[in-house]
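The values are calculated or read from the model by the stated rules, or taken from the named source; none is laboratory data. Because the structure is predicted, anything quoted here is derived from the model rather than measured. Here the Cβ is made from the backbone with ideal geometry for all residues, glycine too, and neighbour counts use every protein chain on show.
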Amino acid sequence: MIEQEAPAASAVPRKRGRAIVVTSGKGGVGKTTTTANLGAALGASGASVVLVDADVGLRNLDIVLGLEARVRHHVLDVLEGSATLDDALVTDKRVPTLRLLAAAQTREKDEVDTAAFRDLIASLRDRFDYVLIDCPAGIEKGFANAIVGADEAIVVCTPEVSAVRDADRVVGLLGDGRSVKLIVNRLRPALVRKGKMLSVDDVNAILRLPLLGVIADAPDVIVSTNKGEPVALDAASPVGEAYRLIAQRVAGTLTGEPEIPRERTFFEKLFGSLR
Amino acid sequence: MFEFIQRFFGKPASSETAKERLRLVLLSDHLSLAPDVVESLKHDLIEVISRYVDVDAANCDVSFEQQEAAVAMLANIPILGMRTRPTPPAPPPDPPTPPTAPPNSGRGKRRRRRASPAGANIAAPAPPPAPAPGAPGFSPV
């Protein structure tokens, strides 16, 4: 890890941060939620993190993080020179080392120049330990822009045939030059036991990627998104803990096989509903 | 309980159905994404068949079709005539000439060699053969 204590500012000496794109192909599998929580968990551990919303036209990372009221400028303003990077970076309310670069809401993905986006990511890498890029769904220009500056990728996949098929396609498009890892999202252990849902092994028998972690389909995630508070910052939430463990795996401070969420016991369900 | 009885009587769990459908669709996806592989397969097929009969190499067609329970390879290879003197089958085969090395299409490492229950229909668009029993061969390499 490089110079964790220094928060990002123009005067800070150059870092060599990691640019990681969070992608899936299919929409609605939890890319944005994953980006927000992974960023929050990495930031809370002391690393400097910038989250880049590459979903131009469908900006969402700001609202998931609860920062929608603070966004003044977006990524296209920076690329076009109508705002500086420092103007556009929004600092998180809870995690001081976490910044957001929001997407443009009223523009289109085709308006983003791929080479300019790559340069932007490169300049962010000089300033932050982690540059996490929230990729749009699909495999068109928005996807090409989102992956161009990243040399690592996290593929988010739910245990559904459509998500697995699209993830397989995306892994092919990411190419051999990138490190690609997997997060299985929205697993329902009870359904897996009953043979009604693909298991993590079923999914990864097809994708065959290093597994960063598995997130259970849990109400905590929905509730935290409603509030704009990343569940990764909720010390009491098991899903929050799962995100924190994923952050540790990304940082390289945790190794070994990730834990697969198990069904909650009767008492856990009882007390969980009281929370 | 009902599910248990269903499982007891061998009704497949829907996750098994999902796995099988995924296996087929990905096989089909990968074949259509690897035209160079299909091209070199076609080249080799024509080469082998030409040892026995004269084929119209310019009008050969090899394609893959996803069917209900398998991906079938359909090869349409027009035959012009018998070879006057069939090549004797006994002598040791020539060292296999490698097919024109397919250019790396960017998916190189991920192109998987999965044995598939694929049947070949040679010059006859008849019903494809049934998949091998037990749908074998799905072994992630």
#### Entry: All positions within the stretch A:244-275 that are part of a loop (DSSP other than H, G, I, E, B) and either modelled with pLDDT under 80 or not acidic (Asp, Glu) (or both)
A:Gly252, A:Thr253, A:Leu254, A:Thr255, A:Gly256, A:Pro258, A:Ile260, A:Pro261, A:Arg262, A:Arg264, A:Thr265, A:Arg275
#### Entry: Check on A:Gly175, surrounded by fewer than 17 Cβ atoms within 10 Å (Cβ to Cβ) and on the phi > 0 side of the Ramachandran plot
yes
### Summary
In the set A:Arg94, A:Arg70, A:Arg107, A:Arg118, the lone residue that is more than 17 Å from the chain's Cα centre (by Cα), surrounded by fewer than 22 Cβ atoms within 10 Å (Cβ to Cβ) and part of a helix (DSSP H, G or I) is A:Arg118
### Query
Which one of A:Ala190, A:Ala153, A:Ala146 is closer than 23 Å to A:Ala247 by Cα, more than 10 Å from chain B (Cβ to nearest Cβ) and either touching a Phe, Trp or Tyr at 6+ places or on another chain (Cβ under 9 Å) or part of a helix (DSSP H, G or I) (or both)?
A:Ala146
### Message
Pairs needed: first member in the stretch B:34-54, touching a residue at least 60 places away in the same chain (Cβ under 8 Å); second member anywhere, part of a helix (DSSP H, G or I) and surrounded by 14 or more Cβ atoms within 10 Å (Cβ to Cβ); C-beta distance under 9 Å; at least 6 residues apart or different chains.
### Response
B:Val37/B:His30; B:Val37/B:Leu31
### Query
Between a first residue in the stretch A:224-244 that is under 19 Å from A:Arg99 (Cα atoms) and a second residue that is at pLDDT 95 or above and of a type in the set (Lys, Arg), which pairs have beta carbons less than 7 Å apart while being 6 or more apart in sequence or on different chains?
A:Ala232/A:Arg244; A:Leu233/A:Arg94
### Summary
The condition from (1) among the basic types (Lys, Arg); (2) under 19 Å from the mean Cα position of the chain (by Cα); (3) at the interface with chain B (Cβ under 10 Å from one of its Cβ atoms) that A:Arg178 misses is numbered (3)
### Query
Got at least one residue in the stretch A:205-217 being of a type in the set (A, V, I, L, M), assigned to a strand (DSSP E or B), in contact with a Gly (Cβ under 9 Å, 6 or more places away or on another chain) and within 14 Å of chain B (Cβ to nearest Cβ)?
no
### Query
Hey, does the stretch A:231-239 have a residue that's surrounded by fewer than 17 Cβ atoms within 10 Å (Cβ to Cβ), within 13 Å of another protein chain (Cβ to nearest Cβ) and farther than 16 Å from A:Gly30 by Cβ?
no
